[in-house]
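The values are calculated or read from the model by the stated rules, or taken from the named source; none is laboratory data. Every value quoted in this text rests on a predicted model; they were computed, and no experiment measured them. Heads up, the Cβs are rebuilt from the backbone with ideal geometry, glycines too, and the neighbour counts pull from every protein chain shown. Heavy atoms of the whole protein, side chains included, go into the accessibility calculation; ligands, DNA and RNA do not. Shrake-Rupley method; radii C 1.70, N 1.55, O 1.52, S 1.80 Å.
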Amino acid sequence: MVAMLKGQYGSGIREANSYLGQNYLVVEASLIPEVLQVLRDREQFDYCVDITAAHYPQREKQFDVIWILYSFARNERIRVKTMIAESESVPSSTSIWGTSNWLEREVYDMFGIRFDGHPDLKRILLPDGWKGHPLRKDYGIIQQDQEWVQINLGIESGQ
Amino acid sequence: MLDYITSYLKSDLTPGAAGNVLWAFVYILLIFLGLSVAVIAMNWLERKILAHMQVRLGPMRVGPHGLLQPVADALKLLIKEDIMPAEADKVVFWMAPLFVVMTAFTVFIVVPFGPTHAVTDMNIGVLFMLGVSSLSVLGIVMAGWASNSHYPLIGALRSSAQMVSYEIAMGLAVISAVLMSSLNQAGTGTLSMIGLVQAQQAQHTWFVFKFFPLGLIAFVIFAIAMVAETNRAPFDLPEAESELTAGFHTEYSGFRWSLFFLAEYSAMIAVSSIAVTLWLGGWMRPFPTWLSGETWDLVFSLFPGLTFIFLAVFAFVGVVRMPKHPYFRIQTMGLAGFGAVLGLIGLVLFAPPVRDRIQDIYWFSVKVAVSMYMYIWYRGTFPRYRFDQLMKVGWKILLPVGIGVLILTAIAGVWL
Amino acid sequence: MTDATKYLSRLELGQPDQTFLDSNELIINMGPQHPATHGVLRVILKLDGEKVLGTECVIGYLHRGVEKIAEHRTYAMFNPYVDRMDYVAAVSNGLGYCEAVEKLMNIQAPPRANYIRVILTELNRLASHMLWLGTHALDIGAITPLFYTFRDREEILKIFEKYCGARLTTHAFRIGGCQYETYEGFETEVKKFLKFVAPKIDEYEELLTTNRIWVKRTRDVGVISAKDCIALGVTGPVLRASGVKWDIRKAQPYAAYSDFDFEIPIGEKGDTYDRYIVRMKEMRQSLRIIEQAVGKIPEGPIMAKIPKVIKPPVGEIYHSIEAPKGELGYFIVSDGSTQPYRLRVRPPSFVNLQALDMMVRGALVADVIAVIGTLDIVLGEVDR
Amino acid sequence: MQPVATTFFFYLLSGLAVLGGILVITRKNPVHSALALILTLLSLAGLYLMLYAPFVAGVQIILYAGGIMVLFLFVIMLVNLERSAKEEQFNKQWIAGTAAALALGVLFILVYTGGKALFPEHLAQLPEQSNTQEVAILLYGNYMFAFEIASLLLLVAIIGAVVMAKKRI
């Protein structure tokens, strides 16, 4: 499978490896929609378990976006990873899996990563007008949107 | 004066029929008091019975075995703040509970607790009861609309649709019972509640067993429709807690809410008494023909007293089983006192003049009580219908079956 | 913020019906304070009369930032936090987390610990399903099952309490095994419980399974096909009720599940009734697993050899278990320090809740209640 | 049976009926109007009772107050009527309205004075006990055909309403 993907996309597949028995692919951001589509259609990874991200502020491309996929037919998981910079956005996978809708909204909510082509990209867990994306490393653990709290809850601080 | 007061005592008419205003007034007062006590007792019993069905104890704290719980509840409701939503329609909001309570109590004018124990014997008794109890839906609609809020409005709309639909099935079942009452020499039936029981007496059978199984089917239709009419489980959609929070009385609190509560329970008692009158022989004692004769009359006339004695014994068993801790002393004494009162009432009921006079009321109340127990039992057993299913049951099952039973009853009445 | 219409961008409002005598569309706000939304879920319903035209879930009222907290706690310190997500199945949460960290550190919990884990997790699955059954039945209007299930759930909680001192948020497991040895008479008590609870499950079924109203209220309500389930990532009993025979306990066994013989109950139509039946059967299968586990629980240590300070090597891991609600996954990125660099929880309730909109379109308001109940969501897990 | 305080009750009920009627046309809120109409209908039922027509009274309560008015309220509540509540109640047609009312009043007076002989001094005392039976005999005896025609008409009305209201059948 890896060989096939590598053959097709060449250096777009940066890395295909296995750690502790778990396979993962690192893919160029521009190839993401094609690779995901191929994985679902040809390799039967029909179940999108999770979409998440991680923040590495010291890197040039700050964010890792991670798709965890599962194939019922092969009973196998795979992780697809891509790296993007702060200003970049990722193509949405809502057209491939229905699950992606809320999961991408959560990633947007927590990291501020934009997904192109998402039908309704807005905050999901935090209130709509909130400022800041809490799972970024530069967001403090007791930090809050003072202004929002004061306006909407009528109290000085939520702490 | 004294003559005027005592003149009625030997009459075999109801005070209304005898034109005796004083006694009619006394009867109204008695019914009002008795009904209030019955509602309070029902409140306690429902909570206790439901609790025991659900492996819990129910109220235990206020008074022995929670006997004073309803009193405490009533007090709480009376002194609670009476909230009226700012956006509500004040007049209608204020009128709605009064209207509901008024209709619920008015129907008891014609309920025959015995051949003479009714306020009046109206020529159109059954019609009157159905009509007045159908008015209560107006109060519910008023309450839902006046609250000016979504959930009460939906609750009110649901309940009006439900009550109007089930009234039809109910009416058809009633007509078949009225038809059965016309099987006499004259060939004319009656709508009078007392007349209906007398018809059953004359035909030596309860109408539920008449033209078996026609009477039974009609009774079952009525029994289902009456649960729907009173908005009780499994037809409690108008106040479906999990869907509409509390339905039409979501915005009501305190005393106003307690009026709805009072009305709901008295409406339950009212429709149960229609069912009892029409199909279960009203005030007649069980097996009036099989077990006839002086001895059996005596045996059955002892039942009221025995019931109270039994309850008293029950209370005394509770006294014995009460924990022997100083903390429980007052409770124990209270329960013993309660048992003593019950026993005393039982003893009084053994006295022959009282016995003869009270029997009818006793049998009527027992039958109504059984019906009330069924209400509680339904609530403990059934999930709730969905609205479209409820309508389907009403219109597609009960209504055709009701018409069928009516036609068959008419045929059977002509041929048999 | 409080304006319900503000959220309606996603509800296709569509062309209002021009037909004579047609009622207006109604927007109703259900929750976050509502008796049937199982916590602080808020659903905005667009209705035509009683028919649901569309829904929009507003969640996050219980968001506590569990994933952020994880980045500021050591691995061992974070363990109790996971109990607070799905608080009715705290043991399962703990199991998933501990196994994920163990996998990351490449250590194996000893067999006895694994058996204890299986017993407690399955007991917890029973407790979770009982709570689900009670509340689900209550939503549909049957009040009695609630008290029955709470009575029997109490027995499970008693076992938990005796084992680790807590009833709900147990924190039963540690990274590397279990903290506590089973107490004196644990096996007999669990066996006694099994004997006690089997007829009780029959009792619940007696109340509901053939009850006409129950069947009417649940048959063909909230139907979801296997294809849609997979597309929406729905897992757990909901997926199995749609006919997919997939259970992580069988597909990728963890703890000691490969040692036991049990079946995966599946449904056919994927409606609310099937999901009810599947969960009831699952409860029986759980009893089977516990029975086997108690029967052959091995002797030995309960804690693997782990370093004093838990410091997994640099790397990342995804590990998931079959929680009562579905696939509960933990994705941990380690940078070699004592704290996770990034910890992601894949909550089953959150993903399952997404299917609500699809399942209730065209149904009635009462069905929305039934479907919320049948999805078996816990808002603590949805919002984290 | 000796009715009590007949005159008093007659004036009370008539007064209530008239009051209800006035409220119906003066209230701006349609729900209030409907409730006032219910008051009128109930007073009329009371008047029927006084005329020894208990069956008609019962039917009046069941059908009008309990059935039709509930549906009235149902519709009023469903339809948004906030706009009409703000509208001017007495509009330009008050001249025509007054004229019609006056004409009707004159007509009543003329009928009363001209046809005084037709009204008996005292109403015939109808047997209260058999009133319901009398109604039944008349309905199912003399007027059987008219009765059936009326029910057929109602059936047609029901079907028409269903056809009009339902989008797809």
Filter the stretch A:131-159 for residues that are assigned to a loop (DSSP other than H, G, I, E, B) and farther than 26 Å from C:Asp335 by Cα and give the result.
A:Lys131, A:Gln144, A:Asp145, A:Gly154, A:Ile155, A:Glu156, A:Ser157, A:Gly158, A:Gln159
If I filter the stretch C:269-277 for residues that are more than 29 Å from A:Trp102 (Cβ to Cβ), touching a helix residue (DSSP H, G or I) at 6+ places or on another chain (Cβ under 9 Å) and away from chain A (no Cβ under 14 Å), do I get at least one hit?
no
If the requirement is being on the phi > 0 side of the Ramachandran plot and either away from every other protein chain (no Cβ under 11 Å) or not in a helix (DSSP H, G or I) (or both), which of these qualifies: C:Gly362, C:Gly380?
C:Gly362
Between C:Ile224, C:Ile213, which is touching a helix residue (DSSP H, G or I) at 6+ places or on another chain (Cβ under 9 Å), under 27 Å from C:Ala370 (Cβ atoms) and part of a loop (DSSP other than H, G, I, E, B)?
C:Ile224
So which residues in the stretch C:334-359 are within 9 Å of another protein chain (Cβ to nearest Cβ), under 27 Å from A:Ile78 (Cα atoms) and open to solvent by 10 Å² or more (accessible area, probe 1.4 Å), if there are any at all?
C:Tyr341, C:Gln354
Among (1) at the interface with chain C (Cβ under 8 Å from one of its Cβ atoms); (2) farther than 30 Å from C:Gly315 by Cβ; (3) not small (Gly, Ala, Ser), where does A:Glu156 come up short?
(1)
Taking the stretch B:125-161 and keeping only residues that are over 27 Å from B:Glu87 (Cα atoms) and more than 7 Å from chain D (Cβ to nearest Cβ), one is left with B:Gly125, B:Val126, B:Met129, B:Ser133
Residues that are among the aliphatic types (A, V, I, L, M) and crowded, with 18+ Cβ neighbours inside 10 Å, drawn from the stretch B:33-48
B:Leu35, B:Ala38, B:Val39, B:Met42
Selection count where residues are part of a helix (DSSP H, G or I) and in contact with a Ser or Thr (Cβ under 8 Å, 6 or more places away or on another chain), scope the stretch C:70-115
13
Please determine whether any residue of the stretch C:189-197 is open to solvent by less than 10 Å² (accessible area, probe 1.4 Å), within 22 Å of C:Ala89 (Cα to Cα) and aliphatic (A, V, I, L, M).
yes
Test C:Leu194 against the criterion of being in contact (Cβ under 8 Å) with a residue 60 or more places away in the chain, closer than 23 Å to C:Ile143 by Cβ and hydrophobic (A, V, I, L, M, F, W, C), and give yes or no.
no
Scope the stretch B:382-412; condition open to solvent by 20 Å² or more (accessible area, probe 1.4 Å), in a helix (DSSP H, G or I) and in contact (Cβ under 8 Å) with a residue 24 or more places away in the chain; matching residues
B:Phe387, B:Met391, B:Trp395, B:Leu399, B:Val401, B:Ile403, B:Leu406, B:Leu408, B:Ala410
Tell me, yes or no, whether the stretch A:69-78 has at least one residue that is acidic (Asp, Glu) and either farther than 22 Å from C:Tyr318 by Cα or modelled with pLDDT under 80 (or both).
no
Go through C:Thr182, C:Thr188, C:Thr170 for me and flag whichever is under 16 Å from C:Ser128 (Cα atoms), outside any strand (DSSP E or B) and of a type in the set (S, T, N, Q).
C:Thr170
Filter result (facing another protein chain (nearest Cβ under 8 Å) and outside any loop (DSSP other than H, G, I, E, B)) within the stretch A:107-129
A:Met110
Condition first: open to solvent by 10 Å² or more (accessible area, probe 1.4 Å) and within 11 Å of another protein chain (Cβ to nearest Cβ). Now tell me which residues in the stretch C:241-252 satisfy that.
C:Val244, C:Lys245, C:Trp246, C:Lys250, C:Ala251, C:Gln252
Taking C:Gly177 as the residue in question, decide whether it is open to solvent by less than 10 Å² (accessible area, probe 1.4 Å) and modelled with pLDDT under 90.
yes
Per-region count, the stretch C:31-61, residues touching a helix residue (DSSP H, G or I) at 6+ places or on another chain (Cβ under 7 Å), open to solvent by 20 Å² or more (accessible area, probe 1.4 Å) and acidic (Asp, Glu)
1
In the stretch B:67-83, what residues are touching a Phe, Trp or Tyr at 6+ places or on another chain (Cβ under 7 Å) and without any contact (Cβ under 8 Å) to a residue 40 or more places away in the chain?
B:Gln69, B:Pro70
Here, helices (runs of 4 or more DSSP H) confined to the stretch B:54-168 with at least 3 residues that are surrounded by fewer than 18 Cβ atoms within 10 Å (Cβ to Cβ) are B:69-79, B:90-106
Within the stretch B:374-416, track down each residue that is within 30 Å of B:Lys48 (Cα to Cα) and of a type outside the set (Ser, Thr, Tyr).
B:Met374, B:Ile376, B:Trp377, B:Arg379, B:Gly380, B:Phe382, B:Pro383, B:Arg384, B:Arg386, B:Phe387, B:Leu390
The stretch C:227-240 - residue that is small (Gly, Ala, Ser) and in contact with a Cys (Cβ under 9 Å, 6 or more places away or on another chain) and, of those, most open to solvent (accessible area, probe 1.4 Å):
C:Ala231
